[in-house]
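Nothing in this text is a laboratory measurement; each read-out follows from the coordinates by a stated rule. Remember, it's a predicted structure, so these values are computed and weren't measured experimentally. No Cβ is skipped: glycine too gets one built from the backbone with ideal geometry, and neighbour counts run over all protein chains shown.
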Amino acid sequence: MDGMAAYRGVFPVMPTIFDADGALDLDGQRRCADFMIDAGSDGLCILANFSEQFVLSDDERVLLTRSILEHVRGRVPVIVTTTHFSSRICAERSREAQALGASMVMVMPPYHGATIRVPEAGIEAFFRALSDAIDIPIMIQDAPVSGVPLSASLLARMAREIEHVAYFKIEIAQAASKLRDLIALGGDAIEGPWDGEEAITLLADLDAGATGSMTGGGFPDAIGGIVRDYLAGRRDAAVAGYERWLPLINYENRQCGLLAAKALMREGGVIACDAPRLPLLPLHPATRAGLIEIARRLDPLVLRWAR
């Protein structure tokens, strides 16, 4: 964008760290950031769904954004999720994130509950209003949780016509096919075709042209190595790495979801408490044990970083 280098690589989602009573643990949050950077993350994403953003108050969102960005101190770029149904509130959140030092905002299309949606014209107007409010890139998150269909042609058109819309996190079924269509339709306007969904489709998405990946935060050293090998033209090494780590990727995606990263961080001593905030419930002990068993065989940094 205007001569800026495109963001590439692995930008994992940072979990939000709570204590056993459900209060924010800012010391644990800072340790989480340090671990994720030391593990080779090219950047970080905060306040995403895998950060339990939906259990945070607006004041907590601002506190976390300020605390994390001050602690990261520009060591890596930070993407701040600012999703809201209202274009006005999303723009306000995004301006605030930019003022605090965010490198990019990630936003889902407007939705509410299971049934309240807006048509394509409303989606375009939403992202145009957001773009007019800020000067940093916008990543559109295309994920099933919103229930909003976003055609490749709509996404490509917004990339061409709306100034700051340039990055796309595609984590729907057949993501690779959509990435190919998006790149073909959008051309140079698609600065960041990205993979998501805990890297469960990472290799196919890289083959389709993805240049970035936003995964869980538990083992960025593994995902980063795969992506860097691929982008450097070492596809065989990337395939070997993906095959090695796929059991853990699969277990996170299919068994643990957003609680996997905190469980691994707690097991390795990065954080003191891996509890979610109610009404989310902790992992079943057997599920947690299965995650740790697979991880120990692979020896990710998260299990060694604090030792």
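Pull up the DSSP beta bridges for the range 1-115 and report the antiparallel fraction as a percent, rounded to 5.
On the way: 1 of 8 bridges.
About 10 percent, rounded to the nearest 5.
If packing is taken as the average count of other Cβ atoms within 10 Å, what order do 153-166, 32-45 fall into, highest mean first?
32-45, 153-166
Within the listed set His84, His112, His71, the residue fluctuating most in the Gaussian network model of the chain (springs between alpha-carbon atoms under 10 angstrom) is His112.
Taking the DSSP bridge list for the chain and keeping only pairs wholly inside it, about 10 percent are antiparallel.
One chain, two ends: Arg296 and Asp188. Fully extended at 0.36 nm per residue, the span grows by 34.7 nm beyond their Cα-Cα distance. Its Cα centre serving as origin, the range 115-200 has a Cβ charge dipole (Lys and Arg +1, Asp and Glu -1) of approximately 240 debye. Semi-axes of the equivalent ellipsoid for the chain, computed as √(5λ) from the eigenvalues of its C-alpha gyration tensor and ordered from largest down, come to 28, 23, 18 Å. With both labels modelled 7 Å from their Cα along Cα-to-Cβ, the Ala237 to Asp207 distance reads 2.1 nm. Pick from Pro144, Pro285, Pro110: which residue has the top mean-square fluctuation in a GNM of the chain where Cα pairs under 10 Å get a spring? In the Gaussian network model the winner is Pro285.
Length gained on full extension, Asp58 to Ala114: 17.9 nm, using 0.36 nm per residue less the C-alpha separation. The relative contact order of the chain, computed from alpha carbon pairs under 8 Å that lie at least 6 residues apart in sequence, is 20 percent. In this calculation the C-beta distance from Arg277 to Leu246 is compared with R0 = 25 Å, giving a FRET efficiency of 0.25.
R0 = 35 Å: FRET efficiency of Glu70 with Ala129, Cβ-based, nearest 0.05? Provide the component values of the computation, followed by the final result.
Values: r = 29 Å, r/R0 = 0.82.
Here the calculated transfer efficiency is 0.75.
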